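Take a look at the structure set out below.
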Amino acid sequence: MRKPCQDGGSRRQYLAALAAAGATALAGCRGESGSQDGSSDPTPTTTTTADPARALDRYDVSISHERSQSPDTDWAAPTASPTDTPLATEPLIEDLEIPWDLSFAADGTLFLTERVGRVLSFVDGSVRTVTEPAAVIDAESSDDGWWVTGGEGGTLGVAAHPTYPEPPVVYVYYTTTTDDERVNRVVAMDVSAEDPAATESVLVDAIPGSKIHNGGRLTFGPEDYLWITTGDAGSGELAADTDSLGGKVLRVTPAGDPAPGNPDLGGDPRVFTYGHRNPQGIAWLPDGTVVASEHGPTGRDELNRLVAGGYYGWPDTRKHEEYADAGPEVRRPLANTGNAGGWAPSGSLFYTGDAVPSLRNRLLTGGLKGQKLLTTTLTPAGGDLPPGDDAEVYDADWTDDAYTATTHSLLADEVGRIRHVEQGPDGGLYLVTSNRDGRAGDGFPRERDDVLARITPAE
């Protein structure tokens, strides 16, 4: 595997230095705990250990609901078009190798994964390899860093503990093998240790894996429970089986136990919803409503409002007319693209920051197919919609009638395949591209790919 460039003359470090000069979200959000003298250590904590105890044995990772986010029931869906304000992108890191996920810690540290087997940190303008778990398989690269072979797995989701760096624990979702079978697992690591991989604690194991449909998103929700999206591993029947972890959205505590309040579906108690094909994005509206993005077959990509215990139809229900005819046991989607085109939607975020006002209070989703940022306005029933002349409006009899989804496409073919979007602690908006995965369209990958970039209003 190619190592991240570490010499001072590399383009990666050069871009990171430029980012430090202008990225207040990444260099200035550390507050009193950050370096004030211009120096920086890309790993916020420096504790090492000769006894590589498991991360969950060394620290108390429990959560206090006193710090959970209170629902905001007064938020309002925008009525203007998000296309009214042109957007620009500013690269912060170049030459990444198929990045997949981003997670901002409470102290401002940004963790990101590369599918080829690395977890990186980016803080105060410096990029550092945090760990390279030995058990990771699947994604491979050639000597020059360009995609060669492998499936859709590898090192996927990453999420810092809600109170990081106390404890200094980071969660990772990756593909591995058990008894020669491909599986996915979620682990916790102490990233302050000399060898974080040696502190690995397995939270969720034996998630069905394959060369396709591995799911992989990790995100802490408003109540500080860890949410995990899993794919059906190419076997649709797993999605409808509540004993299987395939094709599900899981909700667990930071220690990996079923979250209190999970539905009783008569199967695995970690399952929150089921009947998913390959969900890769999850986000929360200010009032706590959960929305997931999901890859469909031959198009038919979806956005779904998640309801505890809900069945989302896969593998039996996916076409518009099938939803219209299905009974109440099948949850209807907020949006389904049909078989014309599709989005290949990946990581999602409900944006609440002020750095890009035109996108505030909208669902943002990385679009792999079409190489764009999907911007969805979710308007509660009876509300005024944004202009839809250049958008897709989903308000048919087969859709979830709690909201009308109006989806605009932004940044089309400007940065390539957008894998994930994330909000920084200062309200800034960031994306990573996935142009080296062998599926990019005309014009990509570019020489600098892949990149972490900041989205801003164009001047």
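The values are calculated or read from the model by the stated rules, or taken from the named source; none is laboratory data. The shown structure was predicted, so the numbers you read here are calculated from the model rather than taken from an experiment. Cβ: placed from backbone, ideal geometry, glycine included. Neighbour counts: every protein chain shown. Just so you know, the surface numbers come from the protein's heavy atoms only, side chains and all, with ligands and any DNA or RNA stripped out. Shrake-Rupley method; radii C 1.70, N 1.55, O 1.52, S 1.80 Å.
Would you call Thr230 farther than 27 Å from Thr406 by Cβ, out of contact with any Asp or Glu (no Cβ under 8 Å at 6 or more places or on another chain) and not acidic (Asp, Glu)?
Numbers: farther than 27 Å from Thr406 by Cβ: yes; out of contact with any Asp or Glu (no Cβ under 8 Å at 6 or more places or on another chain): yes; not acidic (Asp, Glu): yes.
In short, yes.
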*Among the residues of the range 285-340, count how many are in contact (Cβ under 8 Å) with a residue 60 or more places away in the chain and of a type in the set (A, V, I, L, M).*
8
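If you check Leu334, Leu349, Leu306, which single one turns out to be touching a strand residue (DSSP E or B) at 6+ places or on another chain (Cβ under 9 Å), over 26 Å from Leu87 (Cβ atoms) and of a type in the set (A, V, I, L, M, F, W, C)?
Details: Leu334 fails: over 26 Å from Leu87 (Cβ atoms); Leu349 fails: over 26 Å from Leu87 (Cβ atoms).
So the residue among Leu334, Leu349, Leu306 that is touching a strand residue (DSSP E or B) at 6+ places or on another chain (Cβ under 9 Å), over 26 Å from Leu87 (Cβ atoms) and of a type in the set (A, V, I, L, M, F, W, C) is Leu306.
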_Subset of the range 417-430 (residues that are crowded, with 17+ Cβ neighbours inside 10 Å and at pLDDT below 95)_ = Pro425
*Those residues that are free of Cβ contacts under 8 Å to residues at least 40 places away in the same chain and either under 16 Å from Asp101 (Cβ atoms) or touching a helix residue (DSSP H, G or I) at 6+ places or on another chain (Cβ under 9 Å) (or both), I need them from the range 208-234; list them, please.*
Pro208
*Enumerate the pairs (first residue in the range 90-106 and assigned to a strand (DSSP E or B); second residue anywhere and open to solvent by less than 10 Å² (accessible area, probe 1.4 Å) and among the polar types (S, T, N, Q)) with beta-carbon separation below 6 Å, excluding pairs fewer than 6 apart on the same chain, so at least 6 apart or on different chains.*
Trp100/Thr113; Asp101/Thr113
_Where the second residue is modelled with pLDDT under 95 and in a strand (DSSP E or B) and the first is closer than 16 Å to Thr113 by Cα and lies in the range 407-427, which pairs have Cβ atoms under 6 Å and are six or more apart or on separate chains?_
none
*Do we find a residue being touching a helix residue (DSSP H, G or I) at 6+ places or on another chain (Cβ under 6 Å), assigned to a loop (DSSP other than H, G, I, E, B) and surrounded by fewer than 20 Cβ atoms within 10 Å (Cβ to Cβ) anywhere in the range 394-416?*
yes
*Of the residues that sit in the range 431-451 and are over 14 Å from the mean Cα position of the chain (by Cα) and aliphatic (A, V, I, L, M), which one is surrounded by the most Cβ atoms within 10 Å (Cβ to Cβ)?*
Val451
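For (1) under 18 Å from Tyr351 (Cβ atoms); (2) modelled with pLDDT under 95, each residue gets a yes or a no:
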| site | (1), (2) |
| --- | --- |
| Thr49 | no, yes |
| Val61 | no, no |
| Ser70 | no, yes |
| Pro78 | yes, no |
| Pro86 | yes, no |
*What number of residues in the range 165-178 are surrounded by 24 or more Cβ atoms within 10 Å (Cβ to Cβ) and either assigned to a loop (DSSP other than H, G, I, E, B) or more than 20 Å from the chain's Cα centre (by Cα) (or both)?*
1
*Give the residue that is nearest to Leu245 (Cα to Cα), with candidates limited to residues of the range 162-192 that are in contact with a strand residue (DSSP E or B) (Cβ under 7 Å, 6 or more places away or on another chain) and among the charged types (D, E, K, R).*
Arg185
